[in-house]
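The values are calculated or read from the model by the stated rules, or taken from the named source; none is laboratory data. Predicted, not measured: the structure shown is a model, and the values here were computed from it. All Cβ positions, glycine included, derive from the backbone under ideal geometry; neighbour counts span all protein chains shown. Please note that ligands, DNA and RNA were not included when accessible areas were found on the heavy atoms of the full protein model with its side chains. Shrake-Rupley method; radii C 1.70, N 1.55, O 1.52, S 1.80 Å.
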Amino acid sequence: MQWTADTWTKPSIVSPDLIDNWNPRSGLGAAYTVSQDQLHVYYTGLDAGIYEFLGSGASKTINTSWAPQPGRNHLWATADFVGAPISAVGWDDQARFYQVKRGNLAEGALKNTTWTEAFIENNGQT
């Protein structure tokens, strides 16, 4: 769904496949990377894992290409609980998502095609 020409486009299905770890009550965050023209949608799965649906050609008003299954990077920590909140931000070729993990802020960071993860302790130290 996209706002264009003073109206919303019709929503389209992301994947016709059954997503085993999908949680309809999950935390959900989205970020757009301009130079990659990708929409990154993150959610917390039924196993407390963090997952990403990736849409390519996201600036097009139709035919955004979505991966049929969400991805899960081995670097990403699991959430403290199923359905935990998650937020995301993106720019140029970078995306970040944030989630609380054991009282600290976990940051998943994408730069171009490389993922890293850092933990920001409640005292502000990484």
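Quick rundown of the values:
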{"read-out": "Residue (of Pro11, Gly45, Trp76) at the positive-pole extreme of the chain, dipole from beta-carbon charges", "value": "Pro11"}
{"read-out": "Label point 7 Å beyond Cα of Ala77 along Cβ direction - residues of segment 40-70 with amide nitrogen under 17 Å", "value": "43-45, 48-51"}
{"read-out": "The chain, accessible area per residue, ligands and nucleic acids excluded (1.4 Å, Å²)", "value": "60"}
{"read-out": "Proximal lysines relative to Lys10, as straight alpha-carbon distance under 25 Å, when same-chain residues fewer than 8 apart are discounted", "value": "Lys60"}
{"read-out": "FRET efficiency, Asn112 to Val89 (Cβ-Cβ, R0 22 Å, nearest 0.05)", "value": "0.85"}
{"read-out": "Surrounding net charge for Lys111, when Lys and Arg each add one and Asp and Glu each subtract one, Cβ distance under 14 Å", "value": "-3"}
{"read-out": "Segment 1-88: translational diffusion in µm²/s, Stokes-Einstein, Kirkwood Rh over Cα pairs, 37 °C, 0.692 mPa s", "value": "237"}
{"read-out": "Accessible area of segment 1-86 belonging to carbon and sulfur atoms, whole % at 1.4 Å probe", "value": "58"}
{"read-out": "Value in Å of the Kirkwood radius, where segment 62-126 supplies the Cα pairs that are averaged", "value": "13.3"}
{"read-out": "Per-pair calculated FRET efficiency, R0 = 41 Å: Ile120 and Ser59 via Cβ, rounded to 0.05", "value": "0.85"}
